Every structure is written in C-alpha cells, then in structure tokens.
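Student: Just passing along the structure, written as structure tokens.
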Amino acid sequence: DGGITQSPKYLFRKEGQNVTLSCEQNLNHDAMYWYRQDPGQGLRLIYYSQIVNDFQKGDIAEGYSVSREKKESFPLTVTSAQKNPTAFYLCASKEGRGLGYGYTFGSGTRLTVV
Amino acid sequence: AQSVTQPDIHITVSEGASLELRCNYSYGATPYLFWYVQSPGQGLQLLLKYFSGDTLVQGIKGFEAEFKRSQSSFNLRKPSVHWSDAAEYFCAVGALDLTGNQFYFGTGTSLTVIP
C-alpha cells in the first residue's frame with residue numbers, strides 16, 4: 001500500500017546537536033510538507049516543497065532546514081539554532097497543487113531534547 | 001487573513017450519544033473544507049472534505065459534516081459515538097492567499113468517550 005513513512009518514531013537530541021527526521025512517500029505525490037505539533041497549538045507549517053529541488057519556508061522555519069533531492073524524500077533537519085525543538089513532527093504529502101487535494105500524513109516523529 | 005476556529009478544546013460524550021464538533025472559518029470565498037482525526041501518537045487521517053455541491057457530506061467511520069455558508073461553519077457530526085472515536089479532531093481550510101494555496105488548521109478538539 002502507498003503511504004508516507006516517517007522515521008524514527010522517537011528521537012532524542014542533546015543540546016547543540018543537529019538531528020534529521022526522515023520522510024519518505026511512495027504515493028508519487030508532488031508536494032510534501034513538514035508540520036510541527038505542540039499541545040493546544042494545532043499544526044504549524046515549517047517547510048513545504050511543491051517540486052523536486054525547490055522548497056519554501058512556512059510559518060516557523062527558523063532553526064530548521066530541508067532538502068528535496070528526490071520526489072519521494074523530504075528530510076527535515078532540526079538544527080541547534082532551534083531553541084525549543086521538543087515537539088511532535090508530522091510529514092504530509094499532497095497529490096497536486098490544487099486546494100481540493102487533502103493531505104496524506106505520516107505517523108509522526110516525537111523529538112525530545114535531553 | 002484566513003483562519004479556522006474550533007471553539008471547543010475538549011468534549012466528553014457518553015458512548016452511544018450523538019456528537020457535534022464545531023468549526024468556524026474566516027475566508028472571503030467558498031473554501032475547501034476538511035476534517036481530520038488523530039489518534040494518540042499517530043498522524044492525521046482524512047475523515048471527509050467539502051468543495052461544492054450538496055452541503056451535507058458523508059465521510060468515513062460514520063461521520064458527516066454540514067457546510068453552512070451563512071454561519072461560516074463546517075460542523076462535524078456523528079449520530080452514535082463509539083469508544084474508538086476517542087481522538088483529536090482537526091478542522092482545516094484550503095484557501096488561496098497571496099502566497100498561493102495554503103492550508104489552515106484549527107487547534108483541534110479532543111474527544112473523550114465515557115462508557
């Protein structure tokens with residue numbers, strides 16, 4: 001079955017470390033997204049990519065970086081510049097650019113700073 | 001600016017009772033509307049969506065939602081709640097703004113089902 005795979009499910013980061021969260025999809029979707037979820041705040045957009053080798057900042061991009069070298073993959077790096085990285089991170093993809101396409105979500109990665 | 005409001009942070013219902021989760025949006029035109037459900041520690045799953053046509057849309061797991069333009073609302077309903085419906089529910093709006101197509105999520109409503 002097609003879907004989005006996020007790994008790892010749980011990730012622990014020491015202060016000052018960069019960590020990379022993996023997101024892979026086999027849906028042949030063009031657009032991919034990274035969201036951060038904190039309790040009571042819903043989902044906030046970090047970065048998105050509409051096409052390979054192109055990506056755009058979302059609402060809370062500071063302290064994060066992404067790449068989109070392949071259509072299937074959209075990894076997110078949480079850098080040491082992100083002062084409060086503990087959160088639940090969700091990757092999503094969308095079949096097309098139109099508003100009518102809903103998102104398909106991965107199962108998330110929970111990142112904790114130790 | 002576009003926005004989505006879910007007025008109820010948390011709702012508790014008894015199993016077998018009916019359910020209505022509220023969603024209000026702010027957008028100049030008719031938006032694309034979605035409801036998602038999230039089980040603990042999981043991603044979001046699409047329940048249903050509305051673009052146009054019949055204002056009452058049916059979704060998965062026995063859920064339905066009604067679009068009311070006059071009230072800028074898209075409330076989610078279920079006639080009889082099951083214990084497995086306990087989860088977080090998110091309303092979302094797809095809208096066109098100056099930066100292109102964007103999705104806006106509400107802050108979610110947490111549903112507890114008591115036996």
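Student: Just to check your reading of the model, which residue among A:ASN84, A:ASN53, A:ASN26 is on the phi > 0 side of the Ramachandran plot and of a type in the set (S, T, N, Q)?
Tutor: Numbers: A:ASN84 fails: on the phi > 0 side of the Ramachandran plot; A:ASN26 fails: on the phi > 0 side of the Ramachandran plot.
Among A:ASN84, A:ASN53, A:ASN26, only A:ASN53 is on the phi > 0 side of the Ramachandran plot and of a type in the set (S, T, N, Q).
Student: Could you list all residues from region B:7-40 that are under 30 Å from A:TYR10 (Cβ atoms), surrounded by fewer than 20 Cβ atoms within 10 Å (Cβ to Cβ) and either free of Cβ contacts under 8 Å to residues at least 60 places away in the same chain or of a type in the set (S, T, N, Q) (or both)?
Tutor: The answer is B:THR12, B:SER39, B:PRO40.
Student: Continuing with the same structure: Does region B:30-45 contain at least one residue that is in contact with a Gly (Cβ under 8 Å, 6 or more places away or on another chain), farther than 26 Å from B:THR12 by Cβ and of a type outside the set (Ser, Thr, Tyr)?
Tutor: Yes: one or more hits.
Every residue, every condition in (1) surrounded by 11 or more Cβ atoms within 10 Å (Cβ to Cβ); (2) over 12 Å from the mean Cα position of the chain (by Cα); (3) among the aromatic types (Phe, Trp, Tyr); (4) on the phi < 0 side of the Ramachandran plot, yes or no:
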site	(1), (2), (3), (4)
B:GLN42	yes, yes, no, yes
B:PHE51	yes, yes, yes, yes
B:SER70	no, yes, no, yes
B:SER73	yes, no, no, yes
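Student: Show me the strands (runs of 3 or more DSSP E) found entirely inside region A:24-114 where at least 2 residues are within 13 Å of another protein chain (Cβ to nearest Cβ) and either more than 15 Å from the chain's Cα centre (by Cα) or under 27 Å from B:PRO7 (Cβ atoms) (or both).
Tutor: Values: elements: A:31-37, A:43-51, A:54-57, A:64-66, A:76-78, A:87-94, A:109-113.
The qualifying strands (runs of 3 or more DSSP E) are A:31-37, A:43-51, A:87-94.
Student: Another one. Answer yes or no: is there a residue in region A:95-106 that is touching a Gly at 6+ places or on another chain (Cβ under 6 Å) and more than 19 Å from A:GLN25 (Cβ to Cβ).
Tutor: Step one: filter region A:95-106 for residues touching a Gly at 6+ places or on another chain (Cβ under 6 Å), giving A:99, A:105-106.
Adding the requirement that they be more than 19 Å from A:GLN25 (Cβ to Cβ) leaves A:99.
Yes, because at least one residue in region A:95-106 is touching a Gly at 6+ places or on another chain (Cβ under 6 Å) and more than 19 Å from A:GLN25 (Cβ to Cβ).
Student: May I ask you to list the residues in region B:37-78 that are among the β-branched types (Val, Ile, Thr) and under 24 Å from A:TYR89 (Cβ atoms)? Walk me through it before giving the result.
Tutor: Within region B:37-78, the subset among the β-branched types (Val, Ile, Thr) is B:37, B:55, B:57, B:60.
Matches in region B:37-78: B:VAL37 only.
Laboratory data are not the source of any read-out in this text; all were calculated from the coordinates shown. Bear in mind that the values here come from a model prediction, so they are computed numbers and not experimental data. Ideal geometry is used to build each Cβ from the backbone, glycine not excepted, and the neighbour counts take in all protein chains shown.
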